[in-house]
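The values are calculated or read from the model by the stated rules, or taken from the named source; none is laboratory data. Just so you know, these numbers come straight off a predicted model, no measurement behind them. Using ideal geometry, Cβ is built from the backbone for each residue, glycine included, and neighbour counts are taken over all protein chains shown. Accessible surface is based on the protein model in full, side chains and every heavy atom, while ligands, DNA and RNA are left aside. Shrake-Rupley method; radii C 1.70, N 1.55, O 1.52, S 1.80 Å.
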Amino acid sequence: MIFRQLLEPVSSTYTYLLGCEETGQAVLVDPVVNSMDRDLQLIQGLGLRLAYTLDTHIHADHITAARELKQRVGSRIAAPAFDRLPCVDFGMEEGRPLQVGSIELAGLHTPGHTDGHFAYVAGERVFTGDALLIDGCGRTDFQNGDAQALYRSVTHKLFALPDETLVYPAHDYAGRHVSSIAQEKARNPRLGAGRTLDEFREIMANLNLPYPKFIDYAVPGNRECGLCPPDLPQALEQYCRTMSQSPQG
Ligand SMILES: [Fe+2]
């Protein structure tokens, strides 16, 4: 399998490219609209054809490239069925994996950051979205977030994966690239090292994070599988503007 981790720097989002060497089919996990040209160039350079985009959840901090990529290269849109978005071609559910050539992506419903959030397992890798980050986790105070649900998703579902499973998160704000289930179990300061549910709730209730500056545009745009709002204030235009092309990640 061809595998690349690609950084979108405006929202520090990681997009993942998985390519099947036998069929030439590819899937992008959590593609971002402003880095779409860079990602397409890479896919074409590798001799692959984008068959699917796959989102982990309805993002609040960037616009998914799912809709634009579908229009541009005919890729199909996969996303959690839970959110019932009419623009989705393949609704991800537990027990109904997405097959892209020889690549199988199995969904795990991991609510808590959002209620519809999914993580995806592909062989020895898990794409954890915002449910589990390296030494952290996504916030639980918007989009039907729920600290108790997130605790259960991480400790019962993600930590139940084999210890050596590689953890690829949707974000990292400190330049880290990959972790493992064993490492997060052992040292994640919020959810690992035997943290109890009560301790986790206390941590999440006291993060004092600012209001997400892009959420009021991103969520409605992403409920349409990635529409850039026409009324974007100038300060937020970078979220929809094509980023300068430079090799990343
Ligand atoms: Fe998120």
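Label the stretch 44-109 by shape, choosing from rounded, prolate and oblate, from the square roots a ≥ b ≥ c of the eigenvalues of the Cα gyration tensor; if a/c is under 1.5 it is rounded, and otherwise prolate applies when a/b is larger than b/c, oblate when it is not.
Values: a/c = 1.89, a/b = 1.18, b/c = 1.60.
Because a/c hits 1.5 or more and a/b fails to exceed b/c, the stretch 44-109 counts as oblate.
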Apply the a/c threshold of 1.5 to the C-alpha gyration tensor of the stretch 189-249 and tell me whether it is rounded, prolate or oblate.
prolate
Dipole magnitude of the chain, debye to nearest 20 (Cβ charges: Lys/Arg +1, Asp/Glu -1, about Cα centre)
160
proj_area_mean for the stretch 1-86 (convex hull on C-alpha atoms), units nm², value 5.4
Which residue, Phe159, Phe118, Phe127, tops the fluctuation ranking in a GNM of the chain built on C-alpha contacts under 10 Å?
Phe159
The answer for Gln25, listing residues at least 5 apart or on another chain whose modeled amide H is closer than 5 Å to its amide H, is Cys20, Arg49
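Please compute the alpha carbon radius of gyration of the stretch 93-182, then divide it by the globular-protein estimate 2.2 N^0.38 Å. Two decimals is fine. Could you put the intermediate results ahead of the total?
Working: Rg = 12.6 Å, N = 90, 2.2 N^0.38 = 12.2 Å.
That ratio works out to 1.03.
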Residue by residue, what Karplus-based ³J(HN,Hα) values in Hz, rounded to whole numbers, does the stretch 226-243 have, using 6.51, -1.76 and 1.60 with θ = phi - 60° and x for Gly and Pro?
x, 9, 6, x, x, 9, 5, x, 4, 5, 10, 4, 4, 5, 10, 8, 4, 6
All alpha-carbon distances of the stretch 113-249, grouped into 10 Å bins from 0, give the whole-percent distribution 11, 36, 33, 17, 2
The rounded separation in angstrom of the Cα centers of the stretch 1-21 and the stretch 151-185 is 17
Cross-link partners among lysines for Lys185, C-alpha distance below 17 Å, same-chain residues fewer than 8 apart left out?
Lys157
From the Cα trace of the chain, what convex hull volume per residue do you get, rounded to a whole Å³?
114
Average silhouette area of the stretch 148-214, convex hull of alpha-carbon atoms, in square nanometres
5.3
Checking Leu161, Leu133, Leu207 against a Gaussian network model of the chain (alpha-carbon springs below 10 Å), the top fluctuating residue turns out to be Leu207
Three semi-axes of the equivalent ellipsoid, the stretch 49-157, Cα gyration tensor, whole Å, largest first:
23, 16, 12
Cα gyration tensor shape for the stretch 132-185, rounded if a/c is under 1.5, else prolate or oblate:
oblate
Solvent exposure ordering (accessible area, 1.4 Å, most first) of Tyr239, Tyr173
Tyr173, Tyr239
